[in-house]
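Values in this text are rule-based calculations from the coordinates and carry no lab data. Remember, predicted model here, so these are calculated numbers, not experimental data.
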Amino acid sequence: MKFEDLIEVCKEMKARRPHFKRHDRNKLARLARSGWRKSVQGHDNKQRNRYAGNEKSPTPGYGTPRAVRGMHARGLFEIIVNNVNELKGVDSKKYAARIAATVGNKKKAEIVEAARKLNFKVLNPKYTIKAKKKAEKSEKAETKTEKAKETKSETKTEHKAESK
């Protein structure tokens with residue numbers, strides 16, 4: 001099969017896959033929130049024994065094709081990027097960049113610019129956009145405070161000149 005066909009198969013499988021629910025999730029709210037856990041206990045556990053009318057259990061048949069397993073929905077594999085050097089030497093047609101959570105705002109902006117030059121898709125660029133907006137707001141606030149300080153100093157000098 002072609003790569004694009006495998007991605008379509010993956011999407012169809014995901015649409016048909018049930019939401020796997022934990023056994024006895026109705027008894028405690030924290031069990032319902034915790035997601036899937038295999039029900040191992042109980043000799044006569046109906047979900048484990050796969051009786052009709054009980055919730056489905058994850059089995060290999062629900063899996064996606066091996067060639068596209070772990071792939072992003074855009075059809076690209078993800079790489080986590082900490083600096084600009086990690087983008088070099090990587091195929092931009094096969095991989096998409098995700099900026100690491102520990103990277104600061106200044107370096108995020110540098111990584112996004114370098115990724116655009118190298119034709120990389122950045123999967124989480126909105127945080128850099130927010131960082132730029134914050135930086136612009138802080139610059140505007142600084143200019144306002146500087147102007148306010150200048151006007152205060154001018155008025156003080158005028159008052160001193162008038163009083164003499």
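Across the cross-link table entries Lys38/Lys93; Lys117/Lys137; Lys14/Lys126; Lys107/Lys144, which are compared at the Cα atoms, the separations over 31 Å belong to Lys38/Lys93.
Taking the C-alpha atoms only, the angle from helix 105-117 to the longest principal axis of the chain is near 70 degrees. Return the whole-Å distance between the Cα centroid of segment 13-55 and the Cα centroid of segment 58-84. What the calculation gives is 25 Å, centre to centre. Helix 126-163 versus the longest principal axis of the chain: what angle, 0 to 90°, nearest 10, using Cα atoms? Relative to the chain, helix 126-163 is tipped by roughly 20 degrees. What is the chain's relative contact order, in percent, from Cα pairs under 8 angstrom and six or more apart in sequence? Across the chain, relative contact order equals 14 percent. Here the chain has an Rg and Dmax of 28.3, 100 Å, counting Cα atoms alone.
Relative to the longest principal axis of the Cα atoms of the chain, helix 3-16 runs at roughly 70 degrees.
Dividing the alpha-carbon Rg of segment 20-109 by 2.2 N^0.38 Å yields what?
Its radius of gyration relative to the 2.2 N^0.38 Å reference: 1.70.
Dividing the convex hull volume of the alpha-carbon atoms in segment 10-50 by its residue count gives 96 Å³ per residue.
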